[in-house]
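Student: The structure that follows is given in the form of structure tokens.
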Amino acid sequence: MAKKNKAHIISMVLSFLILGAGAIFFAEKQSEKQRLISQTISPQIMTITQKQVISGNLYPIKEIEVKSAIAGILETYYVNIGDRIRKGERIAKIKILSEPIQIENAKTNLKTTEITFERNRLSYERDKKLYEKGIITPFEFEEIEKSYRISKEQYEHARNQLRLLQEGYIPSSNVSNVVVATADGTLIDLPLEEGTPVVERNNFRDGTTVALIARLDSFLFRGKIIENDVLALKKGLKLTVLPTSMPGFTTEAIIRKISPKGYWEQGTMKYDIEAVFTLPDSVRIYSGFNATAEFILKEKKDVIAIPEASLSFRNDSTFTHVLINGKLKEKYVDIGISDGINAEIISGIGIKSKVKK
């Protein structure tokens with residue numbers, strides 16, 4: 001009887017040991033399964049947008065060169081770079097370098113033209129009365145009036161020339177030694193130093209630029225695009241512009257120009273593009289800012305996608321690790337477009353698959 005009890009006890013102990021071992025094995029299997037699942041993710045349905053980035057710079061759409069109407073040397077500036085200025089405001093003063101002989105000649109010319117003008121004026125006033133009485137003919141009076149008007153213009157010109165040489169301006173005209181703004185905007189450059197010679201603007205030469213004014217609410221993005229991407233662009237296409245020095249700020253620009261002629265640079269054919277955009281008053285951008293512009297090359301909606309980090313590449317093939325029957329197994333997949341973070345899956349796995357992170 002004792003032997004039977006002992007055998008029974010041994011049998012029970014063995015049964016508990018087997019059950020315990022089985023439970024431990026099952027628990028380890030479950031733990032391994034959970035560990036593998038925690039290392040996987042499921043594909044997602046999403047929109048993948050493939051973008052291209054262009055490097056470039058920002059410039060005001062319109063830059064206005066302000067020039068002097070008279071020659072001389074720059075005496076002083078009344079403004080500073082960065083000042084906002086209104087049309088007609090003073091920018092600089094030009095010192096006229098007049099020789100004594102020029103002033104004396106101008107005085108002599110003024111005296112001569114004044115004598116001629118006074119003589120013609122008296123003649124005009126006398127003959128006008130005779131014309132009104134019908135004593136002289138209309139033709140005779142027209143010649144008298146013509147002489148009077150010509151002498152008056154010559155006298156005014158001589159007086160203005162002398163005043164310009166002596167005082168630096170002509171009150172009755174826009175000719176002055178004070179250079180004023182020709183448009184509203186912001187002063188982006190004052191290129192001269194005091195004492196620099198200034199050449200006047202006229203019909204035969206452009207003259208010296210005294211200041212540069214720009215409208216800083218309307219800008220151009222100027223960039224270069226490579227040959228492979230130029231066909232994806234067209235006038236009117238929208239770009240997203242991101243100034244490098246203004247993190248978090250973006251604005252939308254419209255392409256207005258794509259150069260039809262490329263040039264060879266660093267082993268690649270490149271083409272110039274320009275896109276325009278406007279800025280709110282609260283945003284300040286300066287001419288020449290570095291920037292990038294993004295545009296959409298391709299876009300696919302509602303596609304199966306996984307992170308690119310879950311893919312591996314070998315030769316010309318793409319693989320991912322898929323959880324199959326409790327094990328991660330390498331599997332070939334066919335991919336489509338990618339945005340650099342997620343890649344489209346064309347075939348190889350489904351939406352219910354589990355792939356390694």
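The values are calculated or read from the model by the stated rules, or taken from the named source; none is laboratory data. Since the structure is predicted, the reported quantities are computational estimates derived from the model, not experimental observations. Here Cβ is always computed from backbone atoms with ideal geometry, including for glycine, and neighbour counts include all displayed protein chains. Keep in mind that these areas ignore ligands, DNA and RNA; they rest on the heavy atoms of the full protein, side chains included. Shrake-Rupley method; radii C 1.70, N 1.55, O 1.52, S 1.80 Å.
Student: Tally up the carbon and sulfur contribution to the accessible surface of the range 220-315 as a whole percent, 1.4 Å probe, everything protein left in place.
Tutor: That share works out to 50 percent.
Student: While we're looking at this one, here's another question. In the range 49-79, whose amide N lies under 15 Å from the spot 7 Å out along Cα-to-Cβ of Asn290? List them in ranges.
Tutor: Label zone hits: 54-58.
Student: Label Glu89 and Ile41 with points 7 Å out from Cα along Cα→Cβ: what is the distance between them in nm?
Tutor: 5.4
Student: Quick one: length gained pulling Leu231 to Arg121 fully straight, 0.36 nm per residue minus the C-alpha distance?
Tutor: Net length gain for the segment: 32.2 nm.
Student: For the range 231-314, what does the alpha-carbon gyration tensor say about shape, rounded, prolate or oblate, given a ≥ b ≥ c as the root eigenvalues, a/c under 1.5 as rounded, and a/b over b/c as prolate?
Tutor: oblate
Student: Here's another thing I want to ask about it. Grab the Cα-Cα distance for Ala183 and Met269, subtract it from 0.36 nm times how many residues apart they are, and report the gain in nm with one decimal.
Tutor: Values: separation 86, 0.36 × 86 = 30.96 nm, distance 3.91 nm.
Working it through step by step, the gained length comes to 27.0 nm.
Student: Here is a further query. For the modelled label position 7 Å from the Cα of Asn202 along Cα-to-Cβ, which residues of the range 35-72 have backbone nitrogen atoms closer than 14 Å?
Tutor: What the label zone holds, given the 14 Å backbone N cut-off, is 68-72.
Student: Nearest 0.05, what FRET efficiency do Thr76 and Thr244 give at R0 = 35 Å with Cβ-Cβ as r?
Tutor: 0.45
Student: Rolling a 1.4 Å sphere over the protein heavy atoms, what is the accessible area per residue of the range 107-148, to the nearest Å²? Don't jump to the answer; show the numbers that get you there.
Tutor: Working: 3170 Å² over 42 residues.
With the other protein chains kept in place, the range 107-148 gives 75 Å² per residue.
Student: I want the local charge near Asn120. Using Cβ-Cβ distances under 9 Å, sum +1 for each Lys or Arg and -1 for each Asp or Glu among the other residues.
Tutor: Numbers: positive: Arg119, Arg121, Arg149, Lys152; negative: Glu118.
With Lys, Arg at +1 and Asp, Glu at -1, the neighbours total +3.
Student: All other residues with a Cβ under 14 Å from the Cβ of Gly236 taken together, and with Lys, Arg as +1 and Asp, Glu as -1, what is their net charge?
Tutor: +3
Student: Return one whole number: the accessible area per residue of the range 189-265 in Å², for a 1.4 Å probe.
Tutor: Details: 4790 Å² over 77 residues.
In whole numbers, the range 189-265 has 62 Å² accessible per residue.
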